[in-house]
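Got a structure for you, written out below as structure tokens; questions coming shortly.
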Amino acid sequence: MNTTLITGTHVAKNTKPIGDVEFVNQLAQAYKDLRSEIAHVIVGQDIVIEHLFITLLSRGHCLLIGVPGLAKTLLIKTLAQTLDLKFSRIQFTPDLMPSDITGTEIIEENVSTRVKAFKFVRGPVFANIILADEINRTPPKTQAALLEAMQEHHVTVAGETYMLDEPFFVLATQNPIEQEGTYPLPEAQLDRFMLNLWLDYPSFAEEVQIVKSTTSKYDASVKHILSAHDIVEFQNLVRGVPVADNVIEYSVRLADSTRPSSSDAPVYIKNWIRWGAGPRASQYLILGAKARAILRGRFTPDIDDVKAIAGPVLRHRLVTSFNAEAEGVSAIQIVEKLVHDVKS
């Protein structure tokens with residue numbers, strides 16, 4: 001029996017029951033194949049790749065932060081190739097306009113009738129995977145054009161609404177070093193990203209392998225593992241995963257503990273945090289836990305799945321106070337302390 005799932009502005013039909021062991025195993029195997037193909041191009045970054053795929057299965061969007069040269073663009077492009085999805089890269093600059101993202105109307109003349117009419121020319125946002133490179137380098141007006149598409153999965157130009165193809169997945173990058181001439185995303189816009197991932201430097205052995213492969217004649221190629229239709233099916237599967245009440249209650253309790261106004265917030269939260277995570281954090285904790293469990297071939301998530309995804313879900317949703325900055329305490333350190341202290 002088909003189950004209709006209402007998720008925000010989207011309505012999806014679960015075409016396969018969650019009890020279908022073969023379908024769950026199919027996703028777990030596809031993920032292993034995907035990791036194997038990406039490894040032909042990308043060295044290391046296993047956790048980042050897993051989190052990217054979790055975000056995609058959860059119908060979320062991701063913000064990647066890392067210094068230049070860590071292959072953020074190559075990683076996203078390779079992921080798009082393995083998924084057989086249309087990929088589009090938008091390089092954000094101070095002079096970028098909203099129409100450069102969404103598209104614009106032009107006047108077109110009919111050759112036979114000589115009648116002129118407006119024609120909408122679609123912009124790069126009309127793709128399945130969007131790389132928003134250095135999103136903080138463009139003014140808020142242009143940032144908002146992309147963020148509307150992220151939330152609503154459609155764009156509006158000259159009063160006309162154009163739906164985006166599914167799946168629709170935005171991966172935005174930021175450079176944590178250069179802050180001059182940037183427009184940091186406000187907290188309300190940061191909240192629209194499901195995960196905030198920090199890319200670290202590779203290990204010594206990984207960097208040796210990177211140098212060997214990129215300075216030789218080695219030409220890596222990847223195969224398509226999943227189609228757009230497959231991904232939508234798996235997204236519906238994740239939405240249908242059952243979750244025990246104690247896991248949901250733990251997720252809500254964890255998010256609630258980040259709020260200084262909460263009676264359950266520890267003393268250090270009241271001292272280090274000005275604003276905590278909203279309800280969207282609780283939702284993403286559960287969605288991320290569902291996707292993580294399914295990727296491991298399990299039919300329901302447990303509290304460990306929530307704990308594993310808590311860092312990237314919560315770190316960009318906490319506004320630290322002056323006290324935290326003075327004491328050198330970061331948002332991710334606070335999240336790790338909360339995960340340890342909040343009762344399961």
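The values are calculated or read from the model by the stated rules, or taken from the named source; none is laboratory data. Here the structure is a predicted model, which means the values were calculated and not measured. Positions of Cβ are generated from backbone atoms using ideal geometry, with glycine treated the same way; all protein chains shown enter the neighbour counts.
Give me the helices (runs of 4 or more DSSP H) completely within segment 176-270, filtered to those with at least 2 residues that are at pLDDT 85 or above and not hydrophobic (A, V, I, L, M, F, W, C), ordered by residue number.
Working: elements: 187-190, 204-214, 228-239, 245-256.
Output list reads 228-239, 245-256.
If you check A30, A80, which single one turns out to be under 21 Å from the mean Cα position of the chain (by Cα) and modelled with pLDDT under 85?
The unique qualifying residue is A80.
What's the total number of residues in segment 119-155 that are in contact with a Leu (Cβ under 8 Å, 6 or more places away or on another chain) and among the small types (G, A, S)?
Qualifying residue count, segment 119-155: 3.
Of the residues in segment 31-83, how many are in a loop (DSSP other than H, G, I, E, B), under 24 Å from R192 (Cα atoms) and either free of Cβ contacts under 8 Å to residues at least 12 places away in the same chain or among the β-branched types (V, I, T) (or both)?
Counting residues in segment 31-83 that are in a loop (DSSP other than H, G, I, E, B), under 24 Å from R192 (Cα atoms) and either free of Cβ contacts under 8 Å to residues at least 12 places away in the same chain or among the β-branched types (V, I, T) (or both) gives 1.
Still on this structure, please answer the following. Can you tell me which of (1) farther than 26 Å from D95 by Cβ; (2) touching a strand residue (DSSP E or B) at 6+ places or on another chain (Cβ under 6 Å); (3) not acidic (D, E) is the one M194 doesn't meet?
So M194 meets the others, but not (2).
I'd like the full set of residues that are of a type in the set (A, V, I, L, M, F, W, C) and assigned to a helix (DSSP H, G or I), limited to segment 131-167.
Selection gives I135, A144, A145, L146, L147, A149, M150.
If K223 passes every condition in (1) out of contact with any Lys or Arg (no Cβ under 7 Å at 6 or more places or on another chain); (2) among the charged types (D, E, K, R); (3) under 30 Å from Q333 (Cβ atoms) but one, which one does it miss?
The failed condition is (3).
Further, regarding this structure: Inside segment 215-251, can you point out the residues that are touching an Asp or Glu at 6+ places or on another chain (Cβ under 8 Å) and of a type in the set (K, R)?
K223 - this is the single residue of segment 215-251 that is touching an Asp or Glu at 6+ places or on another chain (Cβ under 8 Å) and of a type in the set (K, R).
Q283 is checked against (1) in contact (Cβ under 8 Å) with a residue 40 or more places away in the chain; (2) not assigned by TED's automatic domain parsing to the domain that holds D46 and fails just one. What number does that condition carry?
All conditions are met except number (1).
Can you tell me which residue within segment 198-232, out of those that are charged (D, E, K, R) and closer than 19 Å to Q81 by Cα, is surrounded by the most Cβ atoms within 10 Å (Cβ to Cβ)?
Just the residues of segment 198-232 that are charged (D, E, K, R), to begin with: 200, 206-207, 212, 217, 219, 223, 230.
Applying the additional criterion that residues be closer than 19 Å to Q81 by Cα yields 219, 223, 230.
On the way: D219: 6, K223: 12, D230: 17.
By that ranking, first place goes to D230.
Of all residues in segment 147-187, which are crowded, with 20+ Cβ neighbours inside 10 Å and in contact with a strand residue (DSSP E or B) (Cβ under 6 Å, 6 or more places away or on another chain)?
A149, M150, V155, F169, V170, L171, A172, T173, Q174, listed by residue number.
Next question, about the same structure. Of everything in segment 308-334 that's part of a helix (DSSP H, G or I) and of a type in the set (V, I, T), which residue is surrounded by the most Cβ atoms within 10 Å (Cβ to Cβ)?
The residue in question is V313.
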